[in-house]
1. For an R0 of 35 angstrom, estimate the FRET efficiency from the Cβ-Cβ distance between ASP18 and ASN100 and round to the nearest 0.05.
2. Leaving out ligands and nucleic acids, note down the accessible area per residue over the chain with a 1.4 angstrom probe, in whole Å².
3. Going through the cross-link list LYS70/LYS132; LYS42/LYS79; LYS8/LYS68; LYS8/LYS132, which pairs have a Cα-Cα distance over 21 Å in this structure?
4. Just to be sure I understand the model, the point goes 7 Å from the Cα along the line to the Cβ. What's the resulting LEU112 to ILE56 distance in nm?
5. Starting at the first residue of segment 20-28, write each ³J(HN,Hα) from the Karplus equation 6.51 cos²θ - 1.76 cosθ + 1.60 with θ = phi - 60°, in whole Hz, x for Gly and Pro.
6. From Cα pairs below 8 angstrom and at least 6 apart in sequence, can you work out the relative contact order of segment 31-106, rounded to a whole percent?
7. If I model a spin label at PHE127 and LEU45 as a point 7 Å from the Cα along the Cα→Cβ vector, what separation in nanometres do I get?
8. At a threshold of 8 angstrom on Cα-Cα distance, excluding pairs fewer than six apart, so keeping six or more, what relative contact order does the chain reach in percent?
Amino acid sequence: MLKKYFKKYNIFIKQGRDFLLFGTLNFLITNLVLQVSLFIFKIWLATLISQSLNFIIGYFLYSKYVFKVKEGSKLRLLKFLILSLSIWYINLFLIVYFSNSFSISSNFGAGLAIPIIVIFSFFSQRFLIFRK
């Protein structure tokens, strides 16, 4: 019984590590786009552009390399799209909230939102989207 528990625990740890690794790659690309976009566009459009790119890169990386899903499904893709839209909204809300509440730039507010978004994203993907 303990062996089964430790196996599940090890898988969870490995997925978390891989999520952080591939998430960092995804983050570097999409956050660069977000930071540049925040200088050009309104917050809602900058976050939408960034989140759209995050959706495309993220679905590929997380399904294939983190959660090791062998074949895609329309339902899984739809769930990932809903998660991406939710994260876009949460990210938008947090950037505006942090910027207004603490009188900081939207770029700095975007940085503060990152840990919240990462934690929410991992657990949503692990237990709702890519669970086996």
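The values are calculated or read from the model by the stated rules, or taken from the named source; none is laboratory data. Bear in mind that the values here come from a model prediction, so they are computed numbers and not experimental data. Note that we place each Cβ from the backbone using ideal geometry, even for glycine, and neighbour counts take in every protein chain shown. Just so you know, the surface numbers come from the protein's heavy atoms only, side chains and all, with ligands and any DNA or RNA stripped out. Shrake-Rupley method; radii C 1.70, N 1.55, O 1.52, S 1.80 Å.
1. Efficiency at R0 = 35 Å is approximately 0.45.
2. On the way: 8640 Å² over 132 residues.
That works out to 65 Å² for each residue.
3. Check vs 21 Å cut-off fails for LYS42/LYS79.
4. For LEU112 paired with ILE56, the spin-label model returns 3.2 nm.
5. Taking θ as phi minus 60°, the curve returns 5, 5, 6, x, 5, 4, 4, 4, 4 Hz for segment 20-28.
6. In percent, rounded to a whole number, it is 32.
7. Once both label points are built, they end up 3.8 nm from each other.
8. Across the chain, relative contact order equals 24 percent.
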